[in-house]
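Below is one structure, written out as structure tokens; comments come after it.
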């Protein structure tokens, strides 16, 4: 007896057919231009990403970041290393992509940006003795509201590139803080002060602290201070973007 046509289809072929069908019904499109993404693209198409404004090199980005931190907290506040991939401009394509990542549920963009950031860090040649990657945490109520922490998704991408563990529970946000968006520089500096604490248990020597955007550096500084006060010896910073003065 002849087998029905479906019985002649191999399991791997069924998967391919299913994926193609799902792609037709729910196509993967660029978050910015809405064009179909190529198999090698994720979240944003290559064409739209050319409109982002990357730093020329990691040393330039680190120097700008150090200037931002020093201008707010003085030369006494030290961090080991700092990496930022893009320069952040208001009303830019990058801002739209980061907004979608943070508020519109497109958390896969965070992993994509994290992998890019990790590759940028590796291109620097030496990551030192970084033991683990720690995302800047959200307060548990805010995480329930958003359902995920965008910095944690970025950290996961960085971890895949650097082959370092991500310790999302090492640092906790003990106090609910309002969004930094729309606050003045003075309010941004005060808002996260004392908001973080190290969880009990393992205390690493060198932590890579990861966030999405650095504007005044207040959130990173507050989180780093909590780590250092709890016994962490060195803290390095990494962020997808660093706001530049327009």
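Look through 128, 114 and report the one residue that is under 24 Å from residue 232 (Cα atoms) and either at pLDDT below 95 or part of a loop (DSSP other than H, G, I, E, B) (or both).
Details: 114 fails: either at pLDDT below 95 or part of a loop (DSSP other than H, G, I, E, B) (or both).
Testing whether each residue is under 24 Å from residue 232 (Cα atoms) and either at pLDDT below 95 or part of a loop (DSSP other than H, G, I, E, B) (or both) leaves just 128.
Being crowded, with 16+ Cβ neighbours inside 10 Å, touching a residue at least 40 places away in the same chain (Cβ under 8 Å) and farther than 26 Å from residue 205 by Cβ: is that true of residue 162 here?
Working: crowded, with 16+ Cβ neighbours inside 10 Å: yes; touching a residue at least 40 places away in the same chain (Cβ under 8 Å): yes; farther than 26 Å from residue 205 by Cβ: no.
The answer is no for residue 162.
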Checklist entry - For region 35-88, which residues satisfy the criterion of being in contact with a helix residue (DSSP H, G or I) (Cβ under 7 Å, 6 or more places away or on another chain), part of a helix (DSSP H, G or I) and within 15 Å of residue 236 (Cα to Cα)? => result 58, 69
Checklist entry - Does residue 220 fit the bill of being part of a helix (DSSP H, G or I), crowded, with 17+ Cβ neighbours inside 10 Å and at pLDDT 90 or above? => result yes
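The values are calculated or read from the model by the stated rules, or taken from the named source; none is laboratory data. Keep in mind that this is a model prediction, so the values were computed, not measured. All Cβ positions, even for glycine, are placed from backbone atoms using ideal geometry, and neighbour counts span all protein chains on display.
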